[in-house]
Structures are given as structure tokens and as C-alpha cells.
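The values are calculated or read from the model by the stated rules, or taken from the named source; none is laboratory data. Quick caveat, the model's predicted, so the values are computed rather than measured. Note that each Cβ is placed from the backbone with ideal geometry, even for glycine, and that neighbours are counted across all protein chains shown.
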Amino acid sequence: MNPIRIAVVGHTNAGKTSLLRTLTRRVDFGEVSQRPGTTRHVERVDLLIEGHAAVRFFDTPGLEDAVSLREHIARIDQASTPPDRIRRFLEGPEAHGSFEQEAKVLRTLLDVDAAFLVIDAREPVLPKFRDEIELIGSCARPVLPVLNFVRDARSREDEWRALLAAYGLHAVVRFDAAAPFVGAERDLYQDLVTLLRERRADLDGIAAFLDGEVAERRQSASARIAELLVDAAATRRTVAASDFADPARREPAVAALRQAISTKAQRCASDLLALYGFREDDASEAPLPALEGRWSMDFFSPEAMKDAGVRLGQGAAVGAALGVMADVALGGLSLGAGAALGGTLGGALMQGWGPLGRKVANRLRDVRELSVEDPVLMVLLAWQLDLLLALEKRGHAATQRMALDASPSASRWPAARLGEVVRELRSARSHPEWEATGRGAQRTTLVHNVATSVSIAFSTASPQ
């Protein structure tokens, strides 16, 4: 199909480029800045569907002097229609002189199917905006107003709606390029159908594609989180029994395991950022590190356990009686347990022994194995879900550092729901060869099953 051509117009710094970054998921498109008049030329960017341009957007400069230009055009041949007067203006010397920026906008408007009029809803409704609306309307193209930054406390949405209605613009889209509403993109294209009825089939196809893209991204994210969980559950490190018995020599081994798990979690977070079209260190944006706020906490700390609403359960009680008779020790030794080493060992026993052959071999070699407890896996899962939720709410125009919500994860991801996912990982504990690069039908099936559970946990527990 021929792409639907849409001019994105509006006052300087209304957020036109920001909107396009979000609609096209192009964090590198144009320049977003608080400086006035950042966009000086008309720039084109396409929304691609299966490699083909479905929508061709034209990012235009801001209208800087609509008041004077409207007065100038009003003096041109009153017998002509508004679009003809615009064309006459574009043929004159002023279009290449004092009104050069405005001429670029109007010339683009005459050659598109429709226009998005982007309005910064935080701006006071001044008389100059009436002139802008009238100039844009003079080009006789369907116009869909987009109220941007409506989440901001300074939004004057009601005032803007009243002004737009006065000019017959009743179909208005609420948006926020920095923190889009769920489904806002789809709504935008559906509302555009009322203005471009002859392109209904194309616009319905775009809306359906966006729905599918959302589902596909979430599915891929769930699969990546499942890979992390299986990887972490399979991770084991061995330590000589004599070193294990000495706290001073045991701690480096425990610290190394912690670092390995944290590195795996950070790698997963980086992959999620990339999946959603973000980069950790973008030259034109504020950095988007995953290690921000609560994320920088130690996964193995008592505070992390408390924050996620996770507690050591029956395993600790069992371990108190078993003492050090276990072959498997845990990487979460400092989880809080300050109770006796036996409590931690009991937690491992509740998670199940590895294959008998490995247990016997460890006994013969007089070594202990370190692994992570289920509560640690629950914290890893909760924090990756936190990041996923933040990414789904973040627009590609956002320039602030990404900070995860400081409220306890338990309020969003109940421990019972996290526990259901983690219980599926028990088979991975018997397969240390599944760590990182391990492959095989059994591992693939487990990752698939865990990914399904992660997706369900996210969709049923995340706020709308």
C-alpha cells in the first residue's frame, strides 16, 4: 500500500519530535531539547510494517510567528479560497524570507493526507495559538489534535479542548510522549479513521499490527526473563569442604557467586532495554541504566528480601536440625538468616538434591556446592518484572533517567505468584550444565514453560 502521509505540526517545543520518537520507536530520530526551535527543517521518518512504510511522517519546524503571517495572508486576494491564498503566499518572496520557517510547514501540509496538530497541554491558551490553528486549517487537510504531556500536573487539558472545539476540532487524542498511556498509539490511528475513511482498511491494519507488536515484545521479554531464571537456578559453584568450614575462606566463593548472578541479571536488563528500543548509554539522551534506585540493591541482602515480601520458609526450620550434613550449600548465606548455617542448608534441601552421581562425587572429593536459594530467584523475577513494567510505560521521548518505582515489589507481584514461577525451576538445579550456554530439548521446554508463567504473572499482577 502507499504510505499514509502525515504532517506533524504545532508550536515550537510542543513535542512533535518527541511524539514521533514514540510512534516510530526511534530513540535516535531528530533532536529533543528544551531549546526553542530545535527542528529547523522538515524531516521524514517512516513507521515500518513488515519492512514497508505504512505511515510516512513529516516532522516540521515550529510555527514561530503565526500572528504576523496570518495578517499577511489575509491581505492576499480575498476572493480566493484559503488553500489558494496559502499557495499564493508560498510563491511570494516572503516565503523565502521572514516567514521561511512557516512556509516549510504550510508547503508540507498541502502535500499530505492529514496532520497531527501537537499541542503541549501545559502551555497557557494564548491568542497566538488561535492564529496557528486557523493557518493550519487554511490548508484544507484533515487535522487531528494531539494533546501532549497530559500526565503533567500543569496540564490545561480542559482549556485546550474548549479552544479546539471552537474551531470544530472535536476529535482529540490524549497522549504523553514521555510516558504513553497503554493503547494510546492504537487509539490515535483508530481516531484517524474518522478523518480518513477511505484509508480505514490500512489504519485498521496498522492498529492490529501495533497490538501484535505489543504482544510479541512482551512474549520476547518473558522468554528472556525465563532464560535468566533458568540460568540462575542452574548456576553452581564448588568449594572445598575445608574452605567452606572457614568463614574467611568461604566468603570469597559466596561473593563470586553473588557477582555472577548479578552480572546475569544486568545482562538480562540490558537485553530488555534493547528489546524496547532503548539504549543504556545514548549519546543524545540521558542514560537509561537499569542500575538506578532500588535496582542497585544487592539481590542477596535482607533488605531485598523484605522489600519483595519474600521470606525463608520451611527449609530453614528443617535445616536447623540437619546442621552441616548436606552436600549442597547456598549462595544466599547472608540472606538473613544469621541463624545458623543449618537453616540455609535446609533451604537447599527443600529445593531438592542434584543427581545422585554428582552428590556422591562431591562427597568423595570432599567439596561443597554453592547455589542460590528460591527467595533470591523470586527477587530477581520481581525486579525484572519491575523493569519490564517501567519500559512499557516509557516513551522514546523521555530524557530523564529511568528510576524504578520505589514502592515494594510485593504490592505489584505477590510472593505467591512469584513462588509459582520459581517452583517450576527446580529441575534446573539438577542440571548445572544448563547454565549460560547450556542447550537441549529439556532446557528449551523448561524455558518455554517458565516464560509462559512469567507472562501470566506480569499480565495478571501489573496495574493497568
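Within segment 282-289, identify whether any single residue is in the same structural domain as ALA382 (by TED's automatic domain parsing), at pLDDT 85 or above and touching a Leu at 6+ places or on another chain (Cβ under 7 Å), and answer yes or no. No, segment 282-289 contains no residue that is in the same structural domain as ALA382 (by TED's automatic domain parsing), at pLDDT 85 or above and touching a Leu at 6+ places or on another chain (Cβ under 7 Å).
Going by what's in this entry, would ASP120 be described as within 20 Å of ALA7 (Cβ to Cβ), assigned by TED's automatic domain parsing to the domain that holds GLY62, among the acidic types (Asp, Glu) and touching a strand residue (DSSP E or B) at 6+ places or on another chain (Cβ under 7 Å)? In short, yes. Do you know which residues across segment 99-138 are of a type in the set (A, V, I, L, M), touching a residue at least 60 places away in the same chain (Cβ under 8 Å) and either closer than 13 Å to LEU69 by Cα or surrounded by fewer than 17 Cβ atoms within 10 Å (Cβ to Cβ) (or both)? Listed by number, the residues that qualify are VAL105, LEU135, ILE136.
I'd like the residue in segment 23-54 that is modelled with pLDDT of 80 or more and of a type in the set (D, E, K, R) and, out of all such residues, is nearest to PRO3 (Cα to Cα). Among residues in segment 23-54 that are modelled with pLDDT of 80 or more and of a type in the set (D, E, K, R), the one nearest to PRO3 (Cα to Cα) is ASP46.
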